[in-house]
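Written below as structure tokens is the structure these notes are about.
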Amino acid sequence: MPLTIRGAQVAYGDRIIFQNANFEIRDREKIAVVGRNGCGKTTLLKLLAGEIDFVPNGEPKDSFFSVTNEPVIGYLRQAAFSDDSLTMEQELRKELAGMEARKKELAELSAALQTTHTEEAVLAYTEKEEAFKALGGYYYEKEFDTLIRKFGFSDDDRKKPLSDFSGGQRTKIAFIRLLLKKPDILLLDEPTNHLDADTIEWLEKTLQNYEKAIVLVSHDRMFLDRVVSVVYEISNEKLKRYPGNYTAFVRQKKELYEHQKKEYLAQQKEIKRLTELVERFKAKPTKAAMARSKLKAIEHMDLVEPPDPYDEESFHSSFQPETATGNDVLSVQDLVIGYDRSHPLQKINLELKRGERIGIIGENGIGKSTFLKTLVSELPALGGDFHYGVHVRLGYFDQQLAQISTLNTVLQEFWDTYPDLTETEARTALGAFLFKGEDVYKEVEMLSGGEKVRLSLCKILKAKPNVLLLDEPTNHMDIQGKETLEHMLSDYEGTLVFVSHDRYFVKKLATRILLFEKGGVSVFPFGYEEYEEKRQAAALAAEANGSFDGSDRNASAKAAEKDFSAPAKNKDRIYGKERSRLEKKLKKAEEALADAEKEADELKSRLADPAIQTDYEALGALQEEIDAADEKVLACMETWDELTQALAALNEGEQG
């Protein structure tokens, strides 16, 4: 294993972050580090990266930081570049300098072979060429272009200086640089921040296939489920390792807690019974021996430790609407939204019924938040109309307004909204959102992002609205907070419209999907899981027909909606048809790969011909043919791999 920590201790001042911590990274493991906000997740990454000194928590043999083979460690942090005047391409090509130097050296050796007819020269070229190929020398330019495109940058962006990019874009550039570097241990802190859904899905596959170790911190539970194979939890100043993805971790943690709790309580019950027997009979001569034996039984017990507190504490509120709406909650007809009539963002049509939960998804900057602001009259409509039904009582959460900064205390800020409440009533409401005891006297500007979100939600939900409009409510929340909000909103009997980039959150709540794209807004009459399933199936169908390039998966979902909403018999027919097409293409790809490998092997066998070995001009020409054949093999392997994955995904979608 490349890295092992035993008995580590990390503290800030008097506060222990974790102590006697054990952690290890085995070859190619994909590891998640989870825990509550402030528990030390980022601190652990900094320890692994060498930014925090290792502090032993005992004897050297029991407390150490061991690294084998000097692995290269890459850490994704907030992007800080040494020279902001460089263009994005110039900055990124720094990571390709070694590969480009190898390519130049290889070209020089090849040219030298035309005049230097020695066995040593041939051997030197062959060794260098094999190393170049093993490092991906024949496709690193393609990988470079793919990374830039997948992170949403255009050809024009390549020529812009780094100073022209936003903070989120700079983080993306730093991420590309890190992936080009291909470190032995990749450390990622919230890698999905600033990424849209399609880029996250591409990143999931990239990290799944990453051939070295990864340690990541993320609040994106779907991302964790799809990428990681090991989870470390930081809780109660300890680290504990769980095999499997995030869902497996949650299940195991609960099972272990319940098992240990059951054993602990059973043992405590037995100790109590034996102690009572000893107390009752120790003074009686005829029973003294029996009492002593029971006392020894207690002393020789292997005591079961009580389980660590199961950290379920989060905000809670069993709120429900004070009044019910009519069945027709909202009608949106040709509503044009935006900030400029000459450049509108979207036109929307929507009918919202009581009890529905609509999840709004799509990339940034195309009108999702603007739509909600228009519905609450913070922005004027540019055209069309919308109107609410009877008895609608709105509650609106604005992700930006939630990050308020004021010298008010938490209690004062809440009282400003509800001045008629007694202090006991106000503190009871705030306590449900974890503002307890002296916490209500904290100044709002000193609260964390997650605490400000809780305060904002507390103010909104106290009014008991029957229609909730929520704009990215899970931003700044840890996983525990997200899960709590999911439970609250699942039990909510009102109507819900929410914007979120958290796919797991959307999957748990949405009964319908409203998709915002550059080409318009689409309504899907089902939840996120079915939306994603249909989108993937449609993409596979288009791919099988040779008409899909991966650029518009959402459009594929729309095209497939009619077919896949048909009865199960029709669905089976469609799946069978697409499977047949994919299997035929896969068979052709296997044949093409076999032919390409055969051709490459035949060319390489000619290297052993003595006549070729002494004819350096012929040798150079042969090597060029071999290089071209190897590239053809790689291309065939990529095609075969893509089709294999497509067929597996189709089978999985059918079973689901």
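The values are calculated or read from the model by the stated rules, or taken from the named source; none is laboratory data. Since this is a predicted model, take the numbers as computed values, not measurements. Cβ atoms come from the backbone with ideal geometry, glycine included; neighbour counts cover every protein chain shown. Surface accessibility is based on the protein's heavy atoms, side chains included, excluding ligands, DNA and RNA. Shrake-Rupley method; radii C 1.70, N 1.55, O 1.52, S 1.80 Å.
For this structure, a couple of remarks:
- The chain: calculated mean residue ellipticity at 222 nm from DSSP helix runs of at least 4, using -39500 (n - 2.57): -15500 deg cm²/dmol
- Karplus 3J(HN,Hα) series, Hz, for the stretch 435-451 with 6.51 cos²θ - 1.76 cosθ + 1.60 (x for Gly, Pro): 9, 10, x, 6, 4, 6, 9, 5, 6, 4, 5, 8, 6, 6, x, x, 5
- Projected label points at H487 and K262, each 7 Å from Cα along the beta carbon direction, are separated by 2.1 nanometres.
- Taking amide H atoms as placed 1.01 Å from N in the peptide plane, the amide H of Y75 lies under 5 Å from those of L187, each 5 or more residues away in sequence or on another chain.
- DSSP-assigned coil residues among trypsin sites (Lys or Arg not before Pro) in the stretch 361-425, each with at most 11 further Cβ atoms within 10 Å: none
- The shape of the chain can be summarised by an equivalent ellipsoid whose semi-axes, obtained from the alpha carbon gyration tensor, come to 50, 40, 26 Å from longest to shortest.
- Aspartates and glutamates with Cα under 17 Å of K296, excluding same-chain neighbours fewer than 8 positions away: E270, E276, E279
- Of the trypsin sites (Lys or Arg not before Pro) found in the stretch 163-216, no site is in coil according to DSSP while having at most 13 other Cβ atoms within 10 Å of its Cβ.
- Contour excess over end-to-end distance, with Cα ends at T247 and K436 and 0.36 nm allotted per residue: 65.0 nm
- For I360, the residues whose modelled amide H falls within less than 5 Å of its own, excluding neighbours fewer than 5 places apart on the same chain, are F498, V499, S500, L514.
- Legend: residue pairs K30/K238; K240/K508; K41/K240; K103/K133; K46/K172; K442/K482, Cα-Cα distance threshold 18 Å; pairs beyond threshold, K30/K238; K240/K508; K46/K172; K442/K482.
- Backbone HN-Hα couplings from phi across the stretch 502-511 [Karplus 6.51/-1.76/1.60, Hz, Gly and Pro as x]: 7, 4, 5, 4, 5, 4, 6, 10, 5, 9
- Extension gain from L421 to R26, taking 0.36 nm per residue of separation minus the Cα-Cα distance: 136.5 nm
- Paramagnetic reach from K353 in the stretch 476-496 [backbone N under 20 Å; point 7 Å along Cα→Cβ]: 490-496
- Summing charges over all other residues whose Cβ lies under 14 Å from the Cβ of E91, with Lys and Arg as +1 and Asp and Glu as -1, gives +3.
- Applying both filters, DSSP loop and at most 13 other Cβ atoms within 10 Å, to the GluC sites (Glu not before Pro) of the stretch 22-63 gives E51.
- Taken over the stretch 395-534, the convex hull of the Cα atoms encloses 119 Å³ per residue.
- Using R0 = 35 Å, the C-beta based FRET efficiency linking D53 and E211 works out to 0.70.
- Placing a label point 7 Å from the Cα of K46 along the Cα-to-Cβ line, the residues of the stretch 212-233 whose backbone N sits under 18 Å from it are 216-218.
- Phi angles of the stretch 598-611 translate, via the Karplus equation with coefficients 6.51, -1.76, 1.60 and θ = phi - 60°, into HN-Hα couplings of 5, 4, 5, 5, 5, 5, 5, 5, 6, 4, 7, 5, x, 5 Hz per residue; Gly and Pro are given as x.
- In terms of packing, defined here as the mean over residues of other Cβ atoms within 10 angstrom, the peptides 489-496, 65-72 line up highest first as 489-496, 65-72.
- Carbon/sulfur fraction of accessible area - the stretch 242-382, other protein chains in place, 1.4 Å, %: 52 percent
- Long-range tail of P(r) for the stretch 75-202 (Cα pairs > 18 Å, %): 60 percent
- The slack between Y139 and K598, meaning 0.36 nm per residue of separation minus the straight C-alpha distance, is 163.1 nm.
- Paramagnetic label zone (point 7 Å from Cα along Cα-to-C-beta, K160; backbone N under 13 Å) in the stretch 492-534: none
- One equal scatterer on each Cα of the stretch 188-276, no solvent, Debye formula: the resulting log10 I(q)/I(0) at q = 0.25 Å⁻¹ is -1.26.
- By the Stokes-Einstein formula, at 0.890 mPa s and 25 °C, the stretch 312-463 with its Kirkwood radius over alpha-carbon pairs has D equal to 139 µm²/s.
- One quarter of the convex hull surface built on the alpha carbon atoms of the stretch 192-234 amounts to 3.2 nm², the projected area averaged over directions.
- With the simple model of a label 7 Å out from the Cα in the direction of the Cβ, Y12 to E270 spans 4.4 nm.
- Sites L401 and N236 - FRET efficiency at Förster radius 35 Å, r taken between beta-carbons, to 0.05: 0.50
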